[in-house]
Amino acid sequence: MKKAILIACLLSAACQSSGTDSEEGEGQAIPADPHSFARPNEVRVSHVDLDLTLDFERSVALGSVRLELERAVHTAPLVVDTLGLAIAKVEGNDRRERSFQLGAESPGFGRPLTIQLEPTDREVTITYETTPGAESLQWLGPEQTAGGRYPFLFSQGQSILTRSWIPLQDTPGVRVTYEAKVRAPEPLVVVMSARQAGRSEDGSSLFRLEQPIPAYLIALACGELESRAISERCAVWAEPSMLAAAHAEFIDTERMIQSAEGLFGPYRWGRYDVIVLPPAFPFGGMENPLLTFLTPTVIAGDRSLTSLIAHELAHSWSGNLVTNATWSDFWLNEGFTVYFEQRIVEEVYGPERASMERKLDLDKLHDLVAGMEPWETVLHIDLQEKHPEDGFSSIPYDKGALFLRRLEEVVGRERLDAFLRSWFDSHAFQSVTTADFEAFLRRELLAEVSVDVFDVQEWLYEPGLPAQLPATSSDAFERVDRELSRWTSGVAASELSTEGWVTQQWLHFFAQLPPQLGSEKMEELDEAFGLTQTGNSEVLFSWLRLSIREGYARADERLETFLMTVGRRKFLQPLYEELAKTSLGLARARRIYADARERYHSVSRGSIDAVLKVDGPE
Ligand code: BES
Ligand code: ZN
């Protein structure tokens, strides 16, 4: 994926063609997006109608998509994004064929598909197939599932991967409604980020989403799946053998929805379901509308990692209802969402847990910023000539959340809440830029606030962390610090009072450990607390990373099993990075990765290829 960074403004046609005022259609002008070939200010897709068959033998999806159009410039062709798609034919309104060209391939971005329209065309139908390596799709063999009997498929659209399974205008500035008809072999079940609309006579599953969304939120999963209700509007989907554990873990979800509604206004999507995917899923969670996709690694048995649900749920407002218009505005999605996540956690689990999670994030952020290039630390990040992936870091997340936290400190919670609610109400189902938000903020909230107290310019456009950061402290962490200093001053690990410590306290404990402990000290901790055997993925991840750093060989086997089964990039990347720091470790990492690579999703592969400097087979 990093190959893509070198792109010059290959997409310059798209940059130049959008935003020309004289050519605007009925809708708002769509901001230029350097990561899409589409020219939505000339011809815009407003509705997507998919008709697909999932072929597990060949690992391809095939069929057609009908795109409904709004045409502002009547002489202009339709331009859509494609990545590795085989286009068979394109038809217009009258079902007669239209001529089309596929432009040059630009690595990571794909090829523009340009379709010549007849004056009467209000829609086109594209017949196509995906390729077996389609970046969005991960086709899993039965051995990668919990049940072990059936294959599994899921899609991951964000940021610009939807174009690898659907030809469409793959920019978050364009919103579409969608419907889909999907055929899969019995007894597999298909679910999508949409309302279930029954079955057709031929047994296909039907879906419909009336709310307009950006392309990156169209999503599909298929496997041996069952669901179990949490409330009237909320259920959990999982493979049968995972269902009971998943249901128990996510039982607080309805309470979270109610808490979120109290804070940000009504939930506007109907149902809120979650699906637990196989461990190969590359993210913790993905906020696909009506159906959050989740890694099974959040199932800890004690609901200690459920802030991830709060996070994905919060995206139902920040991200899905009001969407970043370009990937430079990504912090509007994630920063708001982290702040909201913390507010939901505070309400559902109490202020102590919320402040622990905030403190963990803040400490991590300080460490990271120290090692980053200035351009990477700007909220409104410049991604011209870069891939959206290059803007992915803790900055949009945690610096973004601090921005809102600091605003809260300045204007008070009540005013901030009212302001945020009016931001969502007034921009519902729209895609927005940082400049849109800045103007609204200056007008609605900061008119009387001096720049000495809150410097918007600095927060949004300047690198590093502003001096006036909101204070964060945690009594629970102070207790951890006390035990840690007892240990470092000679008290045996088994003598420390760690009873009742929650996951976040353990994570803080690991983060604060002095460097160069050595294997003996590691073994002492392991024997006292059973760390190599923990069932909590976050604790395990921290412990494994430490074990690599400290050369603690007794965790080696667990590390290899973890790397072979879990595909979550947030865990994989730091572990491989830690291994790659020594030449022995690097050799070991490459050996493990040689087997593991094909089990990972393309987004994880892209990141780890770069860490280990290996070139993938494709
Ligand atoms: N939308 C993101 C995942 C994402 C971001 C996918 C960018 C592709 C490109 C999701 O909401 C997210 O942030 N997930 C986090 C959860 C966490 C911050 C609670 C994750 O996966 O770790
Ligand atoms: Zn998120």
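Structure summary
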{"quantity": "Gln457/Lys581 FRET efficiency (R0 30 Å; Cβ-Cβ; nearest 0.05)", "calculated": "0.20"}
{"quantity": "1.4 Å probe accessible area per residue over the chain, in Å²", "calculated": "39"}
{"quantity": "Spacing of the two label points (7 Å from each Cα toward its C-beta) at Thr75 and Ala528, in nm", "calculated": "7.8"}
{"quantity": "Between segment 475-539 and segment 566-618, the alpha-carbon center distance in angstrom", "calculated": "28"}
{"quantity": "Solvent-accessible area, 1.4 Å probe, carbon plus sulfur percent, for the chain", "calculated": "49"}
{"quantity": "Cα-centred dipole magnitude for the chain, charges only on beta-carbon of K, R (+1) and D, E (-1), debye, nearest 20", "calculated": "840"}
{"quantity": "Sparse-neighbourhood loop sites, GluC sites (Glu not before Pro) in segment 200-302 - DSSP loop, at most 15 other Cβ within 10 angstrom", "calculated": "Glu201, Glu232"}
{"quantity": "With 20 Å bins from 0: P(r) over the chain, alpha-carbon pairs, percent", "calculated": "19, 54, 25, 2, 0"}
{"quantity": "Heavy-atom SASA rank of Thr498, Thr565 (probe 1.4 Å, accessible area, largest first)", "calculated": "Thr565, Thr498"}
{"quantity": "Per residue, the convex hull volume that the Cα atoms of segment 53-108 enclose (Å³)", "calculated": "134"}
{"quantity": "By accessible area with a 1.4 Å probe, ligands and nucleic acids excluded, highest first: order of His380, His74", "calculated": "His74, His380"}
{"quantity": "Surface accessible to a 1.4 Å probe, Glu376 within the full protein complex, Å²", "calculated": "50"}
{"quantity": "Share antiparallel - DSSP beta bridges, the chain, percent rounded to 5", "calculated": "80"}
{"quantity": "Per-residue SASA entry for Val453, accessible area with 1.4 Å probe, Å² rounded to 10", "calculated": "60"}
{"quantity": "For segment 436-533: span of alpha carbons on each principal axis (Å, largest first)", "calculated": "58, 26, 25"}
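The values are calculated or read from the model by the stated rules, or taken from the named source; none is laboratory data. What you are looking at is a predicted structure, and each value in this text was computed from that prediction instead of being measured. All Cβ positions, even for glycine, are placed from backbone atoms using ideal geometry, and neighbour counts span all protein chains on display. Surface areas here come from the heavy atoms of the whole protein model, side chains and all, with no ligands, DNA or RNA. Shrake-Rupley method; radii C 1.70, N 1.55, O 1.52, S 1.80 Å.
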